[in-house]
1. Students often check this: by mean Cβ neighbours within 10 Å, which of 397-409, 509-521, 190-202 ranks highest, and how do the rest follow?
2. Mind putting a number on the dipole of region 477-558 about its Cα centre? Charges go on the C-beta only, +1 for Lys and Arg and -1 for Asp and Glu, and I need it in Debye to the nearest 20.
3. Where nothing but the Cβ of Lys and Arg (+1) and of Asp and Glu (-1) is charged, how large is the charge dipole of region 249-335 around its Cα centre, in debye to the nearest 20?
4. If R₀ is 35 angstrom, what is the calculated FRET efficiency for the pair ALA133 and GLN92, using the beta carbon separation as r and rounding to 0.05?
5. Among ILE29, GLY183, SER81, flag the residue with its Cα farthest along the positive direction of the charge dipole of region 14-195, charges on Cβ as +1 for Lys/Arg and -1 for Asp/Glu.
6. I'd like to know which of LEU349, LEU400, GLN337 lies farthest towards the positive end of the charge dipole of region 306-462, counting +1 on Cβ of Lys and Arg and -1 on Cβ of Asp and Glu.
7. Calculate one ³J(HN,Hα) per residue across region 69-79 by plugging θ = phi - 60° into the Karplus curve 6.51 cos²θ - 1.76 cosθ + 1.60, and present them in order as whole Hz with x for glycine and proline.
8. How big is the charge dipole of region 14-195 about its Cα centre, in debye rounded to the nearest 20, if each Lys and Arg gets +1 on its Cβ and each Asp and Glu gets -1 on its Cβ?
Amino acid sequence: LVARHPLPTFLGTFHRYSLRLLRRYGDRIRLRRDFVILDSRDQETLVKEALERDGLSEKAFPPRAVLAAISGAKNRLLDPSAYERQADDFFQRKVAGIYRRYQHLASQSGGIDFDDMIRFAVLLLEGDEALAARLRSRLLHLLVDEFQDTNQAQLRFVHALIGADGNLTAVGDEDQGIYRWRGADLSNILDFEASFPGAVVRKLEQNYRSTQTILDASGALVAHNRGRRGKRLWTEQGQGEAIELYKASDEQDEARWLVNALDGLRSDYRLSEMAILVRTNAQTRTLEDELLRKGIAYELVAGVRFYDRAEIKDLLAYLQVLRNPHNDLALQRILNQPPRGIGKNTRLLLEDRARELGQPVWDVLAQDDLGSLPARSAKALGAFRDLMRSLRRLSEQLPLPALLDQLLAATGYMDLFRPENPDDQARIENIREFLSAAQEFTESSSYQGQEEDLLVAFLDRVALVSDLDAWKGQEGISVMTLHSAKGLEFPVVVLPGLEDGLLPHFNAQKTQEEVEEERRLLYVGMTRAKKRLILSCCRRRRVAGQYQDRQDSPFLAEIPEEHLEISQSPSLFADAHAANVRSFFGKPQASFGSRAGGSFGGRYAGDPTVEPVASETGDLARGRRVQHPTLGPGTILDLEGSGEAMKISVYFDRSGKRRLVARYANLELI
């Protein structure tokens, strides 16, 4: 079979290649070829169901923690039984049972998760030597990039693909290994020669991106990590300017100084050539406020990804059921979306009937006369069944864009939204973009002339979309996390918040390995810069509503001073200011894990006792236009409470919906 239809040259991720193998040969390990790919929300739903069936509470076994443990097991190629044998505490022993039921539920739904893709591909190749040999005969050379980010399952997959005598080129940098928390195993690259005897190691030490100053500073930093191969990066880009380090009095001072610095560079660099890289998403608020105040365009690379938005998930669920009606998770999502009189009780009755008959939910819906259900429930389910049967017939006849048009019309899905509502308008635009994506995919030349089912291929493509699909390089400063910046580069890079507790993060200081990964994370951030690099830290920072004194990141002391140009806030020299800080913020500090605090614009427990100027609230009403000192113009959406306790929801033209305490919001009617 392989000889007659040789695999073409392939460029893609581990998951994409694994998926390709499983679509073609998955039946050899008893995997259905029309399996669906479970996303994170699907996985969480299955874990919650497993917990419920096993009588375990979500409080004792948080679904995300359970999923992280299951993912870690799969990345080490451990099935439930193997994981149970290695369990060394109560939590792990219980997770082993949840893992077993989770796999059973996934199999019932005809689904596999992302970790299963590689695990099953390894099982396929290691269990079928004849198939593996045929594939190797067509695989003349394998190139793996970013090898420092591979896990144990991926390493086994590479071994299974090339065998003992295959040709392998691995490219990687142990100093850029920042995904240990996601299962990456740095030993894969550090022990490469032991894993692949006879391998030749070549160091690529010429850098084509950064100035020598940036390379020397970042190299001195990461040299404090143990077990490195070591390298001395050099460049023909010249020495470059010194790295700026600003020591701010607080995060507001930090934001003002950094934004002013970027504003001053606009004569030499476009906004799209600048980036602000933060350790946590929570750091962006003050930076965003200052950018808005200065009227500087920016793009926040964060929030809900396109294909994770509720309206897009709904449409994807419809398509998944049209292709595989036994996908119970997708079916559950669309039974009453849009509302059609199939409530939770009706759904539970249907699922109970399916369990009673030992059949998938769709089979019961399609074949049973539903006479055992209440008349109203049976009627609603019957109408849904007829709708899906009609759409399934159309799915065999129409191209994908036309099918989506018919789906939206037949379901009345667009009737859910009111164009005059800003949130609904955004959802309508998302659906329009989804239709464009389907059209572009259909027209894509790479998918023309193939026998592959176009709908399945589209669903596979959606499942493999990059986390950075929101970043399009628009004309504005890019604001993103350090992890999101991996692989990107900018002429100007700003790294705020270089404080102990932020970088290294307080949650990543338990072991030497965690601290070293935080150091690598800073190294990655510094080496995103091509020409100018600006660092900053604060003497104090508001955390959970209260100010805390801060210490400089220990990593700053590891950067040679000759590479730094240091300045600091004049207020740091003022004894009177320090006395005021002690007076205003002398209360017990909230811990990093505290949930204290309030909404945007609210007054926090640790604020100075100076009374802010309050807005007149008597004339505030839904629909009125207002002006905020930093957020600009907006429209009032809702009012809650009265008097000093009144809270107001405003949709600001430039920054979206915010919830404020009306008394302190300083809103003016316009």
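What follows is calculated from the coordinates using simple rules that are stated; it is not laboratory data. It should be emphasised that the depicted structure is a prediction, and the values quoted were computed from it without experimental measurement. Here Cβ is always computed from backbone atoms with ideal geometry, including for glycine, and neighbour counts include all displayed protein chains.
1. 509-521, 397-409, 190-202
2. 460 debye
3. Once rounded to the nearest 20, the dipole reads 420 debye.
4. Efficiency, from the Cβ-Cβ distance: 0.40.
5. Most positive-ward Cα: ILE29.
6. LEU349
7. Here the 3J(HN,Hα) series is 5, 5, 4, x, 5, 5, 5, 9, 6, 9, 7 Hz.
8. That gives region 14-195 a dipole magnitude of about 820 debye.
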